[in-house]
1. Which value, in Å² rounded to 10, gives the accessible area of PHE148 with a 1.4 Å probe and all protein chains present?
2. Over the chain, what percent of the accessible surface lies on carbon and sulfur atoms, probe 1.4 Å?
3. Tell me, what is the per residue accessible area of the chain in Å², probe radius 1.4 Å?
4. To the nearest 20 debye, what is the magnitude of the charge dipole of the chain about its Cα centre, counting +1 on the Cβ of each Lys and Arg and -1 on the Cβ of each Asp and Glu?
5. Looking only at GLY72, GLY89, GLY202, which one moves most when the chain is put into a Gaussian network model with springs between Cα atoms under 10 Å?
6. In the chain, which helices (entire DSSP H runs) extend 20 Å or more along their own long axis, judged by Cα positions, while averaging at least 1.0 on the Kyte-Doolittle scale?
7. Extension gain ARG214-PHE148, at 0.36 nm per residue separation less the Cα-Cα distance, in nm?
8. So if I take the alpha carbon set of segment 143-255, get Rg, then get Rh from the Kirkwood formula, what is the Rg over Rh ratio?
Amino acid sequence: MTTTQSTETPVKAATPLTAPVGLRVQNAVIKYGFIFVTVALFLYFALSEGSFRESATLLDTLRYVSVAAILGLGVTLTMAVGGMDMSVGAVAGLGVSVAAQTMVVHNQVGAVAIVAVIIAGALAGLLNALLIVVLKIPDMLATLGTMFVIQGSKLILVDGQSITPGMTMSDGSTAPGKFTAGFLKIDRGTVFGIPVSVLIFGGLTVAAWVFLARTRWGRVLYAIGANPEASRLAGIRVGAYRALAYVISGVLASIGGLILASRIGQGDVSAGTSQLLEAVAVALVGTSVLGRGRPNVWGTALGAVLIGIITTGLTIKGLPYYTQDVVEGAVLILALVFSFTLSKRRTA
């Protein structure tokens with residue numbers, strides 16, 4: 001019995017060096033395109049507007065985006081488990097109202113207000129976890145419901161009016177307290193010339209990156225987001241980890257609320273309303289960074305910086321405020337093209 005050997009030459013997969021030029025360019029665009037866009041916009045504004053290059057302007061830009069960035073970190077964590085926290089803006093606004101209520105109405109010190117705000121954020125996260133994990137309501141619908149409940153509850157908490165020092169309360173008396181000087185330093189203070197809120201943003205970004213990328217818990221969150229059923233069969237307590245993501249998101253949103261309360265110095269009932277869209281935008285933009293196509297902390301931070309560059313640059317150039325929304329929306333669409341359209345073509 002004779003045997004014959006196939007003379008066909010096995011086809012080798014294209015390596016980065018042997019891949020067609022077009023494919024290599026496409027891969028480079030997917031991986032580095034958004035970083036290039038960020039750097040290009042920064043250089044454009046820096047070269048065309050002298051005031052943009054000033055260190056005070058750059059620090060103010062980071063200070064401005066710190067709230068949206070911190071809320072975006074919470075959204076990133078929930079996206080990692082395959083969800084989306086739509087209540088972060090409302091939780092931040094709740095934090096503003098709780099801080100004002102604690103210091104202005106109840107005449108407590110800033111430390112008590114900080115603890116009260118963080119507890120409120122954790123409770124909001126637990127409510128989301130209850131709706132999603134226990135009652136099996138889809139993430140986005142559950143957090144939208146929580147958003148409306150919180151927005152209404154904070155209005156009830158303050159009788160539908162903003163809380164300001166010296167205000168006349170419903171019983172005719174004057175509010176006895178005020179925002180303490182120490183509390184106001186959360187956003188208005190500096191350390192070695194760097195705003196405290198920027199340092200908080202940086203510290204939380206590093207902590208979130210370590211948690212998601214360098215710990216077992218973070219890897220489990222990504223595994224659940226990729227395939228919850230396989231994770232469950234592997235013995236992972238999927239519900240517990242999803243609940244953890246939403247509680248952390250609530251706490252991060254409350255920290256953003258602390259910064260916002262310190263920034264405006266009163267319990268504005270409309271605070272936090274505009275933060276949701278920016279937080280979701282920076283988290284979605286972050287998925288395109290380095291072509292990862294998945295939520296990641298450094299991508300979210302870069303997305304926040306990019307939004308800040310656009311907003312500050314357009315403001316310095318004197319463009320109407322409503323043009324910023326158009327540009328930010330275009331940038332978000334571009335990021336989604338990088339994350340989904342081009343990446344799918346690469347893997348097709």
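The values are calculated or read from the model by the stated rules, or taken from the named source; none is laboratory data. Not measured: the values here are computed from a predicted model. All Cβ positions, even for glycine, are placed from backbone atoms using ideal geometry, and neighbour counts span all protein chains on display. For the accessible areas, the whole protein counts, side chains as well, though only heavy atoms, and no ligand, DNA or RNA atoms are used. Shrake-Rupley method; radii C 1.70, N 1.55, O 1.52, S 1.80 Å.
1. For PHE148, the solvent-accessible surface is approximately 130 Å².
2. 67
3. 49
4. The calculated dipole for the chain is roughly 1100 debye.
5. Fluctuation is largest for GLY202.
6. What comes out of the filter, once short or polar helices are dropped, is 21-48, 55-80, 110-129, 139-157, 196-214, 238-264, 297-316, 321-336.
7. Using 0.36 nm per residue and subtracting the Cα-Cα distance, I get 20.2 nm.
8. 1.13
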